[in-house]
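**Student:** I have a structure I would like to understand better, so I am pasting it below and will then ask my questions one at a time.
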Amino acid sequence: MNKILVMSNRPPNTYLNALRTVGLDYECKFAPKDLSVYSGLLLTGGGDILPIIYNGETSAENINIIRDKVELDTLGYFADKKLPVLGICRGAQLINVFFGGKLSVTAGHLSPEGDVFHRVETPCGNTFSQNIDMVNSAHRQHCKPIADKADILLVADDKTVEAFSVGSNILAVQFHPERLNKDAIIAVYGKFANIVNNRQ
């Protein structure tokens, strides 16, 4: 059976509930020695990425250099093997940086009172999801400029990229579908599950 690596020893249960909802088995572990036992990777939310990694000057908070290094190395393994990857919030930013993009400070997407909700739309010709027209944000940075290899899937009213893909195996969302309703979970985690299961 496919097993997803959740790159955290103690992630919030919302991530795990979302994986269970779409029928994916998982293991929560930071920096496991043997990556070959996993069929996919989930990169979760968290603090900012060290700007020097992407040659940026963006102000950053809650930096964890060890986490940056380990996650980038792990992402490199899965990307090289063309294995499925799902990045959520910080995870999406890490994917963007890995593929040559950068990060910029954004406004109106973070509140001390909880998630900020705003409308999104799909770029012309994109059919990522007909079930998502509103997303929840909790981030102070966003992917800008977006990596050249990225295909933009969802964009907020202020042009913030809320979802993108890289190739056929990597999916990244700036919002938190696991904290929304089941339709949002199916739209994002379900798409990830389809990528994982279709590799069998």
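The values are calculated or read from the model by the stated rules, or taken from the named source; none is laboratory data. Not measured: the values here are computed from a predicted model. Glycine gets a Cβ as well: all are built from the backbone with ideal geometry, and neighbour counts include every protein chain shown. SASA here: full protein model, heavy atoms, side chains in, ligands and nucleic acids out. Shrake-Rupley method; radii C 1.70, N 1.55, O 1.52, S 1.80 Å.
**Student:** Counting heavy atoms of the protein chains only and a 1.4 Å probe, report the per residue accessible area for the stretch 142-200 as a whole number of Å².
**Tutor:** It amounts to 45 Å² per residue over the stretch 142-200.
**Student:** Could I ask something else about it? Can you give me the % of accessible surface on the stretch 28-124 that is carbon or sulfur? Probe 1.4 Å, all protein chains present, nothing else counted.
**Tutor:** 52
**Student:** Follow-up question, since we're still on this one. Once whole DSSP H runs in the chain are found, which of them have Cα atoms spread over 20 Å or more along the helix axis and a mean Kyte-Doolittle score of at least -0.5?
**Tutor:** Those that clear 20 Å and a mean of -0.5 are 65-80.
**Student:** What is the dipole size for the stretch 123-193, taken about its Cα centre, with +1 at each Lys and Arg Cβ and -1 at each Asp and Glu Cβ, in debye to the nearest 20?
**Tutor:** 180
**Student:** Given the options 168, 128, 196, identify the residue whose Cα lies farthest towards the positive end of the charge dipole of the chain (+1 on Cβ of Lys, Arg; -1 on Cβ of Asp, Glu).
**Tutor:** Most positive-ward Cα: 196.
**Student:** So what's the gap between the Cα centers of the stretch 1-51 and the stretch 131-186, to the nearest angstrom?
**Tutor:** 18
**Student:** Also, I was wondering about something else. When the scattering of the stretch 147-200 is computed by the Debye formula from its Cα atoms alone, each counted once and equally, what is log10 I(q)/I(0) at q = 0.19 Å⁻¹?
**Tutor:** Taking Cα atoms of the stretch 147-200 as identical point scatterers yields -0.70.
**Student:** Hey, which of these cross-link pairs are over 29 Å Cα-Cα: 29/191; 81/191; 144/191; 29/81; 3/159?
**Tutor:** 3/159
**Student:** Once every DSSP H run of n ≥ 4 in the chain is given -39500 (n - 2.57) and the sum is divided by its residues, what mean residue ellipticity at 222 nm do you get, rounded to the nearest 500 deg cm²/dmol?
**Tutor:** Mean residue ellipticity at 222 nm (helix-derived): -6500 deg cm²/dmol.
**Student:** Give me the accessible area per residue for the stretch 1-137, probe 1.4 Å, as a whole number in Å².
**Tutor:** I get 50 Å² per residue for this part.
**Student:** Calculate the dipole size of the stretch 1-51 relative to its Cα centre from +1 charges on Lys and Arg beta carbons and -1 charges on Asp and Glu beta carbons; express the result in debye to the nearest 20.
**Tutor:** 100
**Student:** Can you list the HN-Hα couplings for the stretch 153-160, worked out from phi with the Karplus curve (6.51, -1.76, 1.60; θ = phi - 60°), rounded to whole Hz and with x for Gly and Pro?
**Tutor:** So the J values, rounded to whole Hz, are 10, 9, 9, 7, 4, 8, 6, 5.
**Student:** Tally Lys/Arg at +1 and Asp/Glu at -1 over every other residue whose Cβ is under 15 Å from the Cβ of residue 27; what's the total?
**Tutor:** Summing Lys/Arg as +1 and Asp/Glu as -1 gives +3.
**Student:** Please list the equivalent ellipsoid semi-axes of the stretch 1-105, computed as the square roots of five times the alpha-carbon gyration tensor eigenvalues, in descending order and whole angstrom.
**Tutor:** 24, 15, 12
**Student:** Using Cα pairs closer than 8 Å and at least 6 residues apart in sequence, work out the relative contact order for the stretch 75-200, in percent.
**Tutor:** With pairs under 8 Å counted, the relative contact order is 29 percent.
**Student:** Let me ask something additional. About the Cα centre of the chain, how large is the charge dipole given +1 on each Lys and Arg Cβ and -1 on each Asp and Glu Cβ? Please answer in debye to the nearest 20.
**Tutor:** For the chain, the charge dipole is close to 520 debye.
**Student:** Relative contact order for the stretch 126-200: what percent, with Cα pairs under 8 Å and sequence separation of 6 or more?
**Tutor:** 29
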